[in-house]
Amino acid sequence: MPQSDWRPSSLAAQGLGWIEPRTGAISPPIHMSSTYQRDADNSYGSTGRIYIRDENPSFDQAQALLTQLEGGAAALLFASGMGAATATFMALRPGDHVVVPIGMYWALRNWLKTFAEPWGLAIDTIDMTDLGALRRAVRPGQTRLVWVETPANPMWSITDLAGVAEIAHAAGAKVAADSTVATPVFCRPIEFGVDIVMHSATKYLNGHSDICAGALIAREADDFWKRIQFNRSKLGAIIGSFEAWLLLRGMRSLFPRVERSAKSAMALAERLAAHRHVSAVLYPGLKDFPGHEIAAKQMQGGFGGMLSIRVKGGDAAAIRTAAQLGLWKRATSLGGTESLVEHRASIEGEGTPVPGDLLRLSVGLEDAGDLYDDLAAALDRAHGN
Ligand code: PLP
């Protein structure tokens, strides 16, 4: 069977099936060299490699795998998800207009306010689930980028990628999508017209809570992409060789990990919705969740491993619930093998749009029944019964 016929889960399981040609190794070597020899004719023609801050052979396989999984033209690994996202905004020019969602990763929202706006980007923040709001916000000829995140942290609101792409492209803008939570297992944003896909590879792509990494995948390796590549190199937002190797190792098990997390998340969402101390469950897989129909169209095979609950009794009851947990771990981040709970309002601080009674749940690979029992008992104990 030629590799061109392999389905995405087969491509991931074998890291594209690359074999190291010199030794026959199935797991690739880690290249630690920071520099490469010039040819005798003073060019780098025989390898194309110059210096580690530009490229490194240890990035090749993971970048090629991501390119294929997302159906793009090229991919770049970064030192972090934030490195990937900020390199994208910094490929714009002062004076350019961008539209970003209210529902987005909080540290990026913070960076836009503290760095990008003073640097000169004109930024409009809108409810990206409302295509009418986007139509009103874009400025044809001046808007250069529309940023979306779907499902969006931590309320899991769903953005209609095809609808956004149509409006943005008509105005002459590109669309970049943070697809960290959807992962290429459930959604391939490029198929819906998105130009740049972004991942915090610290999360599901790696999947073991042991590296910091980011990735971008481009529909087209055009001039904007070259500016992003320039930023990665000149800002030094480069991933380490060992981290790139660990990321590739993590991606080999991406499909079974993410499919299991999503199945458990769905089961938990349904059971928690009936719990007497839970006022709401936010999960795109629930039929009554706003955006469920769009999610069902643009996510195939599952709705992801992230959900949030709103705890009756407010902030204090939510924090007390987290304190009572044993199996779930109280920690930030998501997408690892272990299930994590976080009171988001505490970490996001003043000005957060996240309600104080919300607990964010990253569903790992433990037994789904154990995960429910631990949460249900913690909710009961936090409410004195
Ligand atoms: N995007 C999302 C949805 C995230 O959850 C995070 C991190 O939590 C980021 C981006 C930033 O990624 P990193 O922490 O790898 O810089």
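Miscellaneous remarks
- Residue list for the stretch 85-113, filter: out of contact with any Pro (no Cβ under 9 Å at 6 or more places or on another chain) and small (G, A, S): A85, A87, A91, G95, A107
- Condition check for R22: under 30 Å from F230 (Cβ atoms) and without any contact (Cβ under 8 Å) to a residue 60 or more places away in the chain: no
- All helices (runs of 4 or more DSSP H) inside the stretch 103-217 with 3 or more residues being away from the ligand (no atom under 12 Å from the Cβ), in contact (Cβ under 8 Å) with a residue 12 or more places away in the chain and open to solvent by less than 30 Å² (accessible area, probe 1.4 Å): 161-170, 183-186
- If you go through the stretch 277-300 and pick out every residue that is in contact (Cβ under 8 Å) with a residue 60 or more places away in the chain and either of a type in the set (K, R) or assigned to a helix (DSSP H, G or I) (or both), you end up with 4.
- Within the set A296, A318, A382, A376, the sole residue that is surrounded by fewer than 18 Cβ atoms within 10 Å (Cβ to Cβ) and more than 19 Å from the chain's Cα centre (by Cα) turns out to be A376.
- Of all the listed residues (G250, G313, G291, G301), the sole one being in contact with a strand residue (DSSP E or B) (Cβ under 7 Å, 6 or more places away or on another chain) and not aromatic (F, W, Y) is G291.
- Pairs with Cβ under 7 Å, 6+ apart, first in the stretch 81-93 and more than 13 Å from the ligand (Cβ to nearest atom), second of a type outside the set (A, V, I, L, M, F, W, C): M90/N231; A91/R227; A91/N231; L92/R144
- Scope the stretch 60-82; condition part of a helix (DSSP H, G or I) and within 19 Å of C187 (Cβ to Cβ); matching residues: L65, L66, T67, Q68, L69, E70, G81
- Per-region count, the stretch 301-358, residues in a strand (DSSP E or B) and among the hydroxyl-bearing types (S, T, Y): 1
- Residue in the stretch 321-338 that is least open to solvent (accessible area, probe 1.4 Å), counting only those that are without any contact (Cβ under 8 Å) to a residue 60 or more places away in the chain and within 16 Å of the ligand (Cβ to nearest atom): A331
The values are calculated or read from the model by the stated rules, or taken from the named source; none is laboratory data. Just so you know, these numbers come straight off a predicted model, no measurement behind them. Note: ideal-geometry Cβ built from the backbone for every residue, glycine included; neighbour counts use all protein chains shown. Surface accessibility is based on the protein's heavy atoms, side chains included, excluding ligands, DNA and RNA. Shrake-Rupley method; radii C 1.70, N 1.55, O 1.52, S 1.80 Å.
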